């Protein structure tokens, strides 16, 4: 695939569109979105890798409007008016989707049926078992580094825990859970290894379904296969891939971003000495101020229309600017953090394609349990580097830390005994 010359993010390209890539998504996304809103309004013209045009919806009300009208702003990626320009090896294909029969790109009654299948399979997970799995895997991971006095919380903990718990409840087992972490990261980051990551995840899920066809179990995959909706194995496999990827990486980043906040903001110091109330507060604030899901692809206009004062042509791609919308000054007029139980953030999406509630609850249990167990085990956790040296992964889609080095007083491993 031949790419055009790189253009620094935030600098308009010749046709007036801002590149949706570059270091500013790591270093200063809030300022970048503010500049885009100043220059373009609530709906900004952007360009994706390969000089592919799209719209980034920055306004809270506009994101709400777009996600509330699935007929006008469809999830059907076949509507895209740019497919003739997209090569087979385009690294953003795993995030944009084409000819993928997953729930992400299904519309109408079939989408409703598939959403019900996923919700039913997840709701059947015993909540006490889910928390116990999260606690057990958390202890196992902490045992690996608790006697060393220092570790990288991202690589050694947050980046592993969600995948292990999800692999357990989906029916994969622990070792495949470890192996999937790198593939999911590659796929979501949208860089040169994106397609290879997608292929590895696909082969793992295909193997899981074959195993569960032969020997059913008490797990999410088995319940999806047994659903009376008449779904094909390909449909179920695609949905499981979405559930693994969307369940793991945002949850890992939610943990990492919340721990960063708690380790750098004096308001949360009490939690580091055993208090638990502000763990939930920190997690809620992160969903407003530092949401893991930064931008989401996407919706496609089913006909010519207008949004945020922009003329949108039939087939145009619109990206949901979740982070920008959460910080929209039109809904944040008093400059408040809107935390303390305010859940009007758009971090889980909105409308019929929002993240299913059982999936949200699963992510929250894993993330909160992971943070609480870590702070219980290592109550004097502290940053090993100045806060300003912490860096983010180079992704416009998800916002997460590359690492979170910490120090602590060494403690003995539990060795599987709780």
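The values are calculated or read from the model by the stated rules, or taken from the named source; none is laboratory data. Quick caveat: nothing in here was measured; it's all calculated off a predicted structure. Don't worry about glycine lacking a Cβ; one is built from the backbone with ideal geometry, like all the others, and counts go over all protein chains shown.
In the range 102-117, which residues are in a helix (DSSP H, G or I) and free of Cβ contacts under 8 Å to residues at least 60 places away in the same chain?
Across the range 102-117, the qualifying residues are 105, 109, 110.
Scan the range 37-56 and tell me whether some residue there is under 17 Å from residue 331 (Cα atoms) and free of Cβ contacts under 8 Å to residues at least 40 places away in the same chain.
yes
Do we have residue 332 as modelled with pLDDT of 75 or more and farther than 26 Å from residue 110 by Cβ here?
no
Grab the helices (runs of 4 or more DSSP H) fully contained in the range 19-94, keeping just those with 3 or more residues being modelled with pLDDT of 95 or more, in contact with a helix residue (DSSP H, G or I) (Cβ under 6 Å, 6 or more places away or on another chain) and under 21 Å from residue 398 (Cβ atoms).
Helices (runs of 4 or more DSSP H) meeting the threshold: none at all.
Would it be correct to say that residue 240 is farther than 30 Å from residue 89 by Cβ and assigned by TED's automatic domain parsing to the domain that holds residue 165?
No: the conditions fail for residue 240.
Can you say whether residue 252 is part of a helix (DSSP H, G or I) and at pLDDT below 85, as far as the supplied structure shows?
No: the conditions fail for residue 252.
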